Amino acid sequence: MSATVDLTLDLIARNSVTPADQGCQEVMTPRLADVGFQIENLRYGNVDNFWATRGQGGPVLCFAGHTDAAPTGPLEEWKSDPYKRPIRDGVLLGRGAADMKSALAAMVT
């Protein structure tokens with residue numbers, strides 16, 4: 001698998017519903033810091049966020065995203081556990097697979 005898919009699977013495995021990030025940001029920020037980004041942790045009320053910046057001046061390119069996923073609803077209505085890293089028939093499934101943990105993994109990698 002690729003680094004992007006591996007990171008996506010790690011993020012999906014974390015039941016991150018606001019305000020509980022379940023370590024998603026702690027997985028991403030060291031990777032960004034390792035390639036030269038400066039990490040600024042931000043807290044708004046009981047929700048943690050971060051900025052990752054690299055370089056000085058412009059032009060500026062900004063990626064924005066979120067680690068939280070909507071609550072699952074009744075688990076018995078799911079065909080598989082939404083946090084168990086499922087890839088079925090070549091399709092990535094799970095909570096946050098489309099919105100937006102896969103996009104975050106792509107941004108980071």
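The values are calculated or read from the model by the stated rules, or taken from the named source; none is laboratory data. No experiment lies behind these values; they were computed from the predicted model shown. As a convention, Cβ positions derive from the backbone with ideal geometry for all residues, glycine included, and neighbour counts pool all protein chains shown. For the accessible areas, the whole protein counts, side chains as well, though only heavy atoms, and no ligand, DNA or RNA atoms are used. Shrake-Rupley method; radii C 1.70, N 1.55, O 1.52, S 1.80 Å.
Determine the calculated [θ] at 222 nm for the chain from helices alone, applying -39500 (n - 2.57) to every DSSP H run no shorter than 4 residues and normalising by the residue count; nearest 500 deg cm²/dmol. Numbers along the way, then the final one.
On the way: 3 runs with 29 residues, N = 109.
Calculated from helices alone, the mean residue ellipticity at 222 nm is -7500 deg cm²/dmol.
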query = the chain: D in µm²/s via Stokes-Einstein (Kirkwood Rh, Cα pairs, 37 °C, 0.692 mPa s)?
reply = 220
inquiry  = Which residue fluctuates most in the GNM of the chain (Cα springs below 10 Å): E26, E40, E76?
reply    = E76
ask   = Looking at the square roots a ≥ b ≥ c of the eigenvalues of the Cα gyration tensor of segment 4-58, which shape do they give, rounded for a/c under 1.5, prolate if a/b is larger than b/c, or oblate?
value = oblate
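Over the chain, what is the relative contact order in whole percent, taking alpha-carbon pairs under 8 Å and six or more residues apart?
Numbers: 133 pairs, mean separation 38.0, N = 109.
RCO, the chain: 35 percent.
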note = Along segment 54-68, Karplus-curve 3J(HN,Hα) (6.51, -1.76, 1.60; θ = phi - 60°) to the nearest Hz, with x for Gly and Pro, reads 9, x, 10, x, x, x, 10, 10, 10, 9, 10, x, 9, 8, 7
request  = Report the trypsin sites (Lys or Arg not before Pro) located in segment 7-89 that are in a DSSP loop and have at most 16 other Cβ atoms inside 10 Å of their Cβ, or state none.
outcome  = R54, K79, K84
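Could you work out what % of the accessible surface of segment 1-100 is carbon and sulfur, using a 1.4 angstrom probe and leaving DNA, RNA and ligands out of the count? Please report the intermediate quantities before stating the final value.
Details: 3590 of 6840 Å².
On segment 1-100, the fraction of accessible area on carbon and sulfur atoms equals 52 percent.
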Paramagnetic reach from V17 in segment 78-104 [backbone N under 20 Å; point 7 Å along Cα→Cβ] = 78-86, 93-102
key: Point-to-point label distance, V5-I39, nm (Cα→Cβ direction, 7 Å offset)   = 2.6
